[in-house]
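Below is one structure; the comments refer to it alone.
The values are calculated or read from the model by the stated rules, or taken from the named source; none is laboratory data. Owing to the predicted nature of the structure, the values given are computational and were not obtained by experimental measurement. Cβ placement follows ideal geometry from the backbone for every residue including glycine, while neighbour counts extend to all protein chains displayed. What goes into the accessible areas is simple: the full protein's heavy atoms, side chains included, and nothing from ligands, DNA or RNA. Shrake-Rupley method; radii C 1.70, N 1.55, O 1.52, S 1.80 Å.
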Amino acid sequence: MTPVPVFIYHSVSDDPEPWIAPYTVSPKAFVEQLDRIEASGRTVVPLRSLVAALRGGPPLPDRCAVLTFDDGHEDFYWTVAPLLTERDLPATLYLTTGAIRVPGGRASGSMLPEAPMLNWRQVSTLDALGFELGAHSRTHAQLDTLPARRLADEVKGSRADLEDALGHHVRAFAYPHGYSSAAVRRCVAAAGFGSATAVVNAFSSAQDDPLRIARLMVMADTPAERFQQWADGRGAPVAPFPEHLRTRAWRVYRRVRSSLGRPVAC
Ligand SMILES: [Zn+2]
């Protein structure tokens, strides 16, 4: 299996709220990026195909890519889904279930600042259209800083929220902010998830961990040349690689901030 770019997007919009703007690409840039993926000869495959290959199942086509979208921004429904459907491209959408609105009403609550988010009716429609829905916690907390009971509520609770709404099993999870630890990954596996995606900014590979799949984050300022390199299979390391000491030190710092009630904003 050649290294696989698993792209992570958040919002696709010309008019994002300021807090999400650095993580937002314009619809024009998004279309150009889809063109680059296709022109590079890659087949966009569902995340579940990558997971199956990582677990020893059917191999993937020689050159492929995966599209993922985090948080549950409403522009997935109005902008992204039509563009992907037009090209018959699969994608996985990870929802922060506490940010998803009851139609015509409010959400149960999350740590994400205000932004137009999906409602549960739109989520059901996207499910019916064939997009894979995954969980992204209930409140978007930094899971590796939480005590065990809150961690379980975020992980198992978000799965229950989605399964109640969709009426079928949900197997995919994405760590908010990309943060996980061995304890978080054990909790995700125990909750019944078959895969979890991180950020890492690396290509996934046959040796990647299905509970810590590497993704490449596409941001507002990602240069076209950089995206082209990723589409060509260059310009980023290949996962897995051992957790860097600095990552561990950063986690300790975030845990202290979190215990003081001042989590690090991302
Ligand atoms: Zn997120």
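Before anything else, pin down the relative contact order of the chain: Cα pairs under 8 Å, at least 6 apart, normalised by residue count, whole percent.
Answer for the chain is 21 percent.
List every residue whose amide H lies under 5 Å from the amide H of VAL200, counting only residues 5 or more places away in sequence or on a different chain, with H placed 1.01 Å from N in the peptide plane.
The answer is ARG215.
Nearest 20 debye, what's the magnitude of the dipole of the chain about its Cα centre given +1 on Lys and Arg Cβ and -1 on Asp and Glu Cβ?
Details: 29 positive and 28 negative charges, 258 e Å.
Dipole of the chain, to the nearest 20 debye: 1240 debye.
Determine how large the accessible area of LYS28 is when every protein chain is in place; take a 1.4 Å probe and give Å² rounded to the nearest 10.
About 140 Å², ignoring ligands and nucleic acids.
Considering Cα pairs under 8 angstrom that are at least six residues apart, work out the relative contact order of segment 1-111 and quote it in whole percent.
Values: 145 pairs, mean separation 32.9, N = 111.
The value is 30 percent.
Across segment 130-140, in residue order, what do the Karplus-derived ³J(HN,Hα) couplings come to in whole Hz, using 6.51 cos²θ - 1.76 cosθ + 1.60 with θ = phi - 60° and x for Gly and Pro?
Residue by residue, segment 130-140 yields x, 6, 7, 9, x, 9, 9, 6, 8, 10, 6 Hz.
Please find, in a Gaussian network model of the chain (springs between Cα atoms separated by less than 10 Å), the residue of GLY57, GLY194, GLY104 whose mean-square fluctuation is greatest.
GLY104
Between the DSSP loop rule and a limit of at most 12 other Cβ atoms within 10 Å, which GluC sites (Glu not before Pro) in segment 72-117 are left? Write down the numbers at each step before the final one.
Values: sites: GLU74, GLU86, GLU114; in loops: GLU74, GLU114.
Passing both the DSSP loop test and the Cβ count: GLU114.
Whole-Hz Karplus ³J(HN,Hα) for segment 104-116, in order, using 6.51 cos²θ - 1.76 cosθ + 1.60 and θ = phi - 60°, x for Gly and Pro?
x, x, 10, 8, 6, x, 8, 7, 5, x, 4, 6, x
Just the number please: accessible area per residue for segment 143-210, 1.4 Å probe, all protein chains included, in Å². Write down the numbers at each step before the final one.
Details: 2640 Å² over 68 residues.
Per residue, segment 143-210 has an accessible area of 39 Å².
In terms of modelled amide H atoms, which long-range or inter-chain residues lie less than 5 Å from the amide H of ALA220?
Those lying under 5 Å, H to H, from ALA220 are TYR23, THR24.
So how do ASP62, ASP35 rank on accessible area, 1.4 Å probe, biggest first, that is with the largest at the start? Mind showing how you got there, number by number?
Values: ASP62 105, ASP35 75 Å².
Accessible-area ranking of ASP62, ASP35, largest first: ASP62, ASP35.
Per-residue ellipticity at 222 nm for the chain, helices alone: DSSP H runs ≥ 4 residues times -39500 (n - 2.57), over residue total, nearest 500 deg cm²/dmol? Walk me through the numbers before you get to the answer.
Details: 8 runs with 89 residues, N = 266.
The per-residue figure over the chain is -10000 deg cm²/dmol.
Using a 1.4 Å probe on the protein heavy atoms, what percent of the accessible area of the chain belongs to carbon and sulfur? Walk me through the numbers on the way to the answer.
Working: 6540 of 12070 Å².
Carbon and sulfur: 54 percent of the exposed surface of the chain.
Please list the non-local residues whose amide H lies under 5 Å from the amide H of ALA135, H modeled 1.01 Å from N, same-chain partners needing a gap of 5 or more.
LEU95, ALA172, PHE173, ALA174
So which residue, out of ALA198, ALA107, ALA172, gets the largest mean-square fluctuation from a GNM of the chain using Cα contacts under 10 Å as springs?
So, out of ALA198, ALA107, ALA172, the one fluctuating most is ALA107.
Using the membrane-span-like helix rule (whole DSSP H runs, Cα extent along the own axis of at least 15 Å, mean Kyte-Doolittle hydropathy at least 0.0), which helices of the chain qualify?
Details: long enough: 27-39 (18 Å, -0.39); 148-166 (27 Å, -0.70); 245-259 (21 Å, -1.17).
Correct list, ordered by number: empty.
Please list, in order along segment 207-217, the HN-Hα scalar couplings obtained from phi with the Karplus expression 6.51 cos²θ - 1.76 cosθ + 1.60 (θ = phi - 60°), rounded to whole Hz, x for Gly and Pro.
8, 5, 8, x, 9, 7, 5, 6, 10, 10, 7
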